[in-house]
Structure formats: structure tokens, C-alpha cells
Amino acid sequence: MIPAAGLGTRFLPATKAMPKEMLPVVDKPAIQYVVEEATAAGIDDVLIIIGRNKNNLSNHFDSVPELESTLERKGDHSKLAKVQHSSELADIHFVRQGEPKGLGHAVLRAKAHVGDHPFAVLLGDDLIDERDPLLTTMLDEHTKRGAAIVALMEVDPDSIHLYGAAAVEATDDEGVVKVTGLVEKPAKEDAPSNLAIIGRYVLSPSVFEILERTEPGKGGEIQLTDALQEMAADPDGPGVYGVVFRGRRYDTGDRVDYIKAIVQLAADREDLGPELRPWFKDFAAKL
Ligand code: G1P
């Protein structure tokens, strides 16, 4: 499931009539990277939790017969493939969140669709480089341990207040830690570590029962982190484990990070990089 019901106020006015998940990162909406990441890990059923301005999102993953036939007539097969790709990616469903009451509340909206199966939550503000697999490892760990799995990444301690922070213990597996506690957006001095939850989770449906009675937490919102903290603290349950990610992650959550993500991704692209890289160097030299 991909929550996409936020108001995107940091990007106004771009997000006045368009969800922030539709902002282009180079030439693809941010959410398409996330759907592609899910399908690359073998997930073919995607539920997007939407807020207002949902039409842009559903149209993007739908076919556009008039555009497709024009491109076909012109014989522009490479553009046609780009148009068709996003509508063929996965079986995509939409559910409305109604009032945006936090990430935990958004996840709860997936309950009926999820049924009895484990599921992954992917947040659109975090883009994971396709060359550095994370979700596949998390799915494997979930299968192996039956526990909730979160993706963790070391961040600058000065930034930990922007994330859920984890207290952890080592396991016998390199890159996998046992999560003993979680705090949503702690002050630097209260943070149990500088290991931040980045926006990837693999969960069992048992999380819904906890979320249903989770009281609003930080910011007056129902926090997924608080439900996971309850799981981590339950000595009789399967617990929570973290996969520590050391690969390339692009944050698109605020304007500066969003611009950095575009610059990094464009510079790496085969079709754009050769022209852009010398220009970036030249531009940077003049700053
Ligand atoms: C959410 C979660 C937080 C997590 C973050 C990752 O916060 O609540 O625990 O660390 O995503 O991006 P948000 O950034 O949506 O406020």
C-alpha cells in the first residue's frame, strides 16, 4: 500500500490541484518510482490511499486511448511504450482516506483490501535506488521471522527529529537488527539512536487490530510508529526487526531534498547524464 493522501503543503502552489506524489522526479511522477520498486520485488497488487485530487493519480495508472492512438499513428514507439508502461505495471486500486489523521490511520484504511496476507507499506517521500534492493530483503526477512520489518538508515543525529527512531540490538545476521523500541520524531537528546525508519515496512494484518486502538500521538496523528512500538514491546509476539539500508535513498519530502533527488537521478541517467554532468560541474564552479 502506498499512502498518498497528504496535503503536500510544502510544495504549494504546485500541489494546489495535484497530489505531491505526482510531482515529476526528472520525467516520472514520484509515485511511479515507488510502484516500480514494489513490482520489482514481485508485488503485483498495489493499493494507493488517496486524498483530494485523486483523479490525477488514477489517470496516471490508467490507459489513455486517444494519446496512445496518436503516438501509434506517428510511429513513435518509444513514447508509446512510456505511456503504456505505467498502466501495465500492476493491478492498482484506490481507497480514500477521508480525513487525513496520520500514517497509522492511512494504513488502517487498507484493512479490507489486505485481508489475511502480509503487506508492504511504501512511502512516496523516500525513493530507493533500483540498483540497491531493499524491499526484497525485507520481504525475505518477514517470511523468515514472521515479524514486522522496518527499513532503517543511519541519519545525522541533527535530523533524527524528522523520523521514527529505533532502539536496536544486533542479531546474528549482518544488516538485520532486532528493534527493542521506537519513538516517533524524538528530540535529538531523547533519540534512542540515529537509526531512522525510512518509508518501507513489511507488516502482518495483526497491525490493524493494534492501529484500531492506537490513540493519536505525535502531532495529534495516529502514528504507525506507536503501533510498531507496541509490537516491539510485546514479549509474546514475533516482534519488530529492522533491515539496515546502506544504499542510495532520495528524499523528496521537502523542496531542497526534492531538487537534490532530481539532480542526482538525472546525472546518473544514460540519456541525460552525459549532457548534464559537464554542465553541473561548470555551474558549480561558478557558484
Ligand atoms: C513518516 C513516519 C516516520 C518515518 C518517516 C519516513 O513520517 O511517521 O516514522 O521515519 O515517515 O519518511 P512523515 O515523514 O510522513 O512525517
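The values are calculated or read from the model by the stated rules, or taken from the named source; none is laboratory data. Bear in mind the structure is a predicted one, so any value in this text is a computation, not a measurement. Cβ sites come from the backbone with ideal geometry, for glycine too, and all protein chains shown count toward neighbours. Just the protein is used for accessible areas: all its heavy atoms, side chains included, with ligands, DNA and RNA removed. Shrake-Rupley method; radii C 1.70, N 1.55, O 1.52, S 1.80 Å.
Return yes or no: is residue 67 more than 21 Å from residue 227 (Cα to Cα) and modelled with pLDDT of 90 or more? Let's see the steps before the verdict.
Details: more than 21 Å from residue 227 (Cα to Cα): yes; modelled with pLDDT of 90 or more: yes.
Yes; evaluated as a whole, the condition is true for this residue.
Contact map, the range 80-103: residues that are at pLDDT 90 or above paired with residues that are assigned to a strand (DSSP E or B) and open to solvent by 40 Å² or more (accessible area, probe 1.4 Å), Cβ distance under 6 Å, separation 6+ or inter-chain. Pairs shown: 91/45. Scanning the range 1-47 for residues that are in contact with a strand residue (DSSP E or B) (Cβ under 6 Å, 6 or more places away or on another chain) and over 22 Å from residue 129 (Cβ atoms), we see that the one that is modelled with the lowest pLDDT is 5. Among the conditions (1) out of contact with any strand residue (DSSP E or B) (no Cβ under 8 Å at 6 or more places or on another chain); (2) of a type in the set (Asp, Glu); (3) within 11 Å of the ligand (Cβ to nearest atom); (4) farther than 30 Å from residue 259 by Cβ, the only one that residue 226 does not satisfy is (1).
Search the range 124-152 for residues that are over 12 Å from residue 203 (Cβ atoms) and modelled with pLDDT under 95 and pair each with any residue that is hydrophobic (A, V, I, L, M, F, W, C) and open to solvent by 40 Å² or more (accessible area, probe 1.4 Å) when their beta-carbon atoms are under 7 Å apart and the residues are at least 6 apart or on different chains. That search, which allows pairs on different chains as well, returns 130/40.
Mind telling me which of the residues 277, 213 ends up being more than 22 Å from the chain's Cα centre (by Cα), of a type in the set (D, E, K, R), surrounded by 13 or more Cβ atoms within 10 Å (Cβ to Cβ) and away from the ligand (no atom under 12 Å from the Cβ)?
Just one listed residue meets the conditions, 277.
The numbered conditions (1) within 16 Å of the ligand (Cβ to nearest atom); (2) within 30 Å of residue 12 (Cβ to Cβ); (3) open to solvent by 60 Å² or more (accessible area, probe 1.4 Å); (4) of a type in the set (D, E, K, R) are all true for residue 268 except (1). The one condition from (1) more than 14 Å from the ligand (Cβ to nearest atom); (2) open to solvent by 50 Å² or more (accessible area, probe 1.4 Å) that residue 185 does not meet is (1). Determine if the range 238-254 includes at least one residue that is in contact with a His (Cβ under 7 Å, 6 or more places away or on another chain) and either more than 13 Å from the ligand (Cβ to nearest atom) or open to solvent by 40 Å² or more (accessible area, probe 1.4 Å) (or both). No, because not a single residue in the range 238-254 is in contact with a His (Cβ under 7 Å, 6 or more places away or on another chain) and either more than 13 Å from the ligand (Cβ to nearest atom) or open to solvent by 40 Å² or more (accessible area, probe 1.4 Å) (or both).
Only one of these is among the aliphatic types (A, V, I, L, M), farther than 21 Å from residue 118 by Cβ, modelled with pLDDT of 95 or more and open to solvent by less than 80 Å² (accessible area, probe 1.4 Å): 176, 168. Name it. Don't jump to the end; show me each part of the working.
Numbers: 176 fails: farther than 21 Å from residue 118 by Cβ.
Matching residue, one of 176, 168: 168.
If I go through the range 73-92 residue by residue, how many of them are more than 12 Å from residue 35 (Cβ to Cβ) and either of a type in the set (A, V, I, L, M, F, W, C) or within 18 Å of the chain's Cα centre (by Cα) (or both)?
Going through the range 73-92 one residue at a time, the tally reaches 3.
The residues of the range 16-34 that are more than 29 Å from residue 208 (Cβ to Cβ) and either within 12 Å of the ligand (Cβ to nearest atom) or not small (Gly, Ala, Ser) (or both), listed by number, are 16, 18, 23, 24, 25, 26, 27, 28.
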